1. Ordering Lys420, Lys224, Lys106, Lys44 by how much accessible area each has at a 1.4 Å probe, largest first, what is the list?
2. Can you list the lysines whose alpha carbon sits under 20 Å from that of Lys337, skipping same-chain ones fewer than 8 residues off?
3. Using a 1.4 angstrom probe on the protein heavy atoms only, line up Cys378, Cys78 by accessible area, largest first.
4. Return the sequence-ordered ³J(HN,Hα) values of segment 405-415 in whole Hz as given by the Karplus equation 6.51 cos²θ - 1.76 cosθ + 1.60 applied to θ = phi - 60°, using x for Gly and Pro.
5. Report the relative contact order of the chain, percent, no decimals, based on alpha-carbon pairs under 8 angstrom and at least 6 residues apart.
6. Give me the percent of accessible area attributable to carbon and sulfur for segment 271-406, probe 1.4 angstrom.
7. In whole Å, how far is the Cα centre of segment 348-409 from that of segment 256-313?
8. Select from the chain the helices, each a whole stretch of DSSP H, whose alpha-carbon atoms run 20 Å or more along the helix axis and whose Kyte-Doolittle mean is at least 0.0; answer none if there are none.
Amino acid sequence: MTTALEPTVDLSDLLFWARPPGERLTAFAALRELDHPAFFHELKLPFIKEGRGYYALARHADVVEASRTPEVFSSEPCSNSIADLPGYMARYFGSMINMDDPRHAKIRRIVSRAFTPRVLAKLQTDLQATAVRIVEDVAAEGPGDFVTQVAARLPVRVICDMMGIAASDHRMVYDRTNIILGIGDSEYTGGHEFARDGITRTGVLYGLLKAMTAGYELNHLAMKLARRRRREPGDDLVSALVTANVDGESLTDQEIGSFFILLVVAGNETTRNAIAHGLKLLTDNPAQRELLLSDFEAHIPGAVEEIVRMATPVIQFRRTVTRPHVMNGHRYQTGDKVLLFYNSANRDAAVFENPDTFDITRSPNPHVGFGGPGPHFCMGANLARSEITVMFRELLTRFPGIRATAEPDYLYSNFINGIKHLPYTY
């Protein structure tokens with residue numbers, strides 16, 4: 001590692017990710033001050049092939065440039081795991097986010113083609129109706145846990161309805177996504193608390209089996225629906241996916257299954273966490289809350305972008321260097337792993353004035369909360385913006401005094417900036 005200063009933290013230390021969010025942000029601020037990206041050895045895990053380690057890209061400039069240079073910073077063989085995914089896991093979790101062009105571009109075009117005007121119109125109608133139902137349920141139930149009552153309900157219902165998943169399966173989808181992204185959190189997996197108990201063969205094996213089972217069940221659900229829709233088309237997204245094609249090529253049932261896992265995991269978890277963080281941010285910043293209430297339609301677009309910047313639901317993705325390359329003064333070698341820390345880039349004072357201040361009028365706001373610019377920019381970004389907008393419009397119209405009443409219970413993860421529970425009142 002070639003740096004003028006040694007990093008004062010270890011991002012591979014399990015205990016680091018159990019620290020309070022403010023402490024972690026302070027650590028990333030120190031990493032941004034280093035002359036070159038810090039290098040960290042990978043955590044040794046049973047049953048997983050150990051890699052050499054990774055460079056932590058903490059500065060906005062590095063994250064953006066790496067995102068714009070996919071021919072050097074590749075998403076293959078794996079972008080959603082620091083370690084290379086074993087083949088038996090890649091079957092379920094190796095969707096197009098783990099691909100480079102041209103295959104990535106073709107699948108993305110096929111998926112984009114499935115979002116026909118008819119599908120999009122139905123999506124907007126369903127989104128509004130779902131938000132209204134959630135608010136009505138909250139009024140009937142009374143306040144309790146904002147995540148389970150509000151933030152988690154909207155995206156899972158919208159995505160499942162969009163795909164044509166039966167209402168009876170919504171709870172299963174929600175639970176399985178929690179397991180996949182909460183693999184180190186015992187509340188969701190029922191297994192070991194890695195930050196407390198450390199890494200054991202039994203704990204890792206249990207977590208892998210839980211994640212694999214969850215992936216299989218979601219994949220099987222989508223593949224079964226895809227086969228049915230080939231015989232009996234409907235007006236849902238799966239029906240559109242099985243008929244959409246580019247240059248005579250369409251998605252296989254397996255690819256539809258993998259895409260469904262990507263959609264429900266990315267679309268459900270990230271939007272739900274942005275909404276939960278949003279309530280906490282509006283609670284902690286009453287002046288910004290009043291500004292939003294003063295003219296909701298004028299200020300909500302800026303508020304959504306600022307919520308996503310401050311929350312940064314996806315903490316990091318990995319890239320693998322394909323050839324020797326110099327970026328911003330640092331030389332990378334073929335095979336080097338780099339982690340793009342979006343949470344750190346979104347607090348970079350070189351780009352954002354007063355980066356730790358929540359400002360819904362911030363403009364410009366070149367955050368990377370939906371990923372950096374380039375081929376892997378989140379294709380669901382506009383849907384996420386719509387969900388956040390509609391949910392807060394309904395909430396603040398019905399309950400203008402809604403606010404968090406305690407600190408969040410955070411997910412233990414180095415991948416998702418998740419909130420598991422958030423007490424609230426209105």
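The values are calculated or read from the model by the stated rules, or taken from the named source; none is laboratory data. Keep in mind the model is a prediction, meaning the values are calculated, not measured. In this analysis, Cβ positions are derived from the backbone assuming ideal geometry, glycine residues included, and neighbour counts consider all displayed protein chains. When the accessible area is computed, the model is the full protein with side chains, heavy atoms only, and any ligands, DNA or RNA have been set aside. Shrake-Rupley method; radii C 1.70, N 1.55, O 1.52, S 1.80 Å.
1. The most accessible residue leads, giving Lys44, Lys224, Lys106, Lys420.
2. Hits, sequence-local ones excluded: Lys44, Lys49.
3. Details: Cys378 55, Cys78 0 Å².
Sorted descending by solvent-accessible area, the residues read Cys378, Cys78.
4. Values per residue, Gly and Pro as x: 10, 7, 6, x, 9, 8, 5, 7, 6, 9, 10 Hz.
5. Working: 693 pairs, mean separation 99.0, N = 426.
Over the chain, the number comes to 23 percent.
6. Details: 2650 of 5040 Å².
In segment 271-406, the share of accessible area belonging to carbon and sulfur is 53 percent.
7. Cα centres, segment 348-409 to segment 256-313: 4 Å.
8. Numbers: long enough: 117-141 (36 Å, 0.19); 201-231 (45 Å, -0.39); 253-284 (46 Å, 0.37); 296-311 (21 Å, 0.46); 381-398 (26 Å, 0.12).
What comes out of the filter, once short or polar helices are dropped, is 117-141, 253-284, 296-311, 381-398.
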